[in-house]
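Colleague: Mind looking over this structure? Questions follow.
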Amino acid sequence: MNKKTSLNRETLSELRSLKAVKNVTDSGRIFYSESFRKTALKKYKDGVKPVQIFCEAGFPLDVLGIKRIEKCMARWRNCDTPTR
């Protein structure tokens, strides 16, 4: 998904229904729950691949894309605190 691609209503609803998601804007920006961020970082430190972490949380990988997942995890790893 890039900035020119918007998500359809069904996909937005699917994302909003996930426990790992705090909010999704109509333009497709995803805000992840604090508990998911903490769990994801712990699993990553235990050796689980980022794509697998997001897949297990129910995210549609064809919507997010691998690069978005990798960038997200890198951002969380590089922050002193994983919350925004």
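The values are calculated or read from the model by the stated rules, or taken from the named source; none is laboratory data. Quantities reported herein were computed from a predicted structural model and do not represent experimental measurements. No Cβ is skipped: glycine too gets one built from the backbone with ideal geometry, and neighbour counts run over all protein chains shown. To get the accessible areas, we keep the full protein, side chains included, count just its heavy atoms, and leave off ligands, DNA and RNA. Shrake-Rupley method; radii C 1.70, N 1.55, O 1.52, S 1.80 Å.
Colleague: Test L64 against the criterion of being modelled with pLDDT of 95 or more and open to solvent by less than 40 Å² (accessible area, probe 1.4 Å), and give yes or no.
Modeller: Numbers: modelled with pLDDT of 95 or more: no; open to solvent by less than 40 Å² (accessible area, probe 1.4 Å): yes.
So L64 does not fit the description; no.
Colleague: Further question: So is S33 hydroxyl-bearing (S, T, Y) and open to solvent by 60 Å² or more (accessible area, probe 1.4 Å) or not? Quick ask: steps written out before the conclusion?
Modeller: Values: hydroxyl-bearing (S, T, Y): yes; open to solvent by 60 Å² or more (accessible area, probe 1.4 Å): no.
Here the answer is no, as S33 does not meet what is asked.
Colleague: Moving on to the next point. All but one of (1) at pLDDT 95 or above; (2) open to solvent by less than 70 Å² (accessible area, probe 1.4 Å); (3) touching a Lys or Arg at 6+ places or on another chain (Cβ under 9 Å) hold for A40; which doesn't?
Modeller: Against the list (1) at pLDDT 95 or above; (2) open to solvent by less than 70 Å² (accessible area, probe 1.4 Å); (3) touching a Lys or Arg at 6+ places or on another chain (Cβ under 9 Å), A40 comes up short only on (3).
Quick grid of which residues meet (1) in a helix (DSSP H, G or I); (2) in contact with a Cys (Cβ under 6 Å, 6 or more places away or on another chain); (3) hydroxyl-bearing (S, T, Y); (4) over 20 Å from N23 (Cβ atoms):
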position	(1), (2), (3), (4)
K42	yes, no, no, yes
V48	no, no, no, yes
C55	yes, no, no, yes
F59	no, no, no, no
K67	yes, no, no, yes
E70	yes, no, no, yes
R77	yes, no, no, yes
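Colleague: Taking segment 8-39 only, how many residues are assigned to a helix (DSSP H, G or I) and either touching a residue at least 40 places away in the same chain (Cβ under 8 Å) or of a type in the set (F, W, Y) (or both)?
Modeller: The first filter runs over segment 8-39 and keeps only residues assigned to a helix (DSSP H, G or I), leaving 9-16, 34-39.
Still in the running and either touching a residue at least 40 places away in the same chain (Cβ under 8 Å) or of a type in the set (F, W, Y) (or both): 11, 14-15, 34, 36-38.
So the answer is 7.
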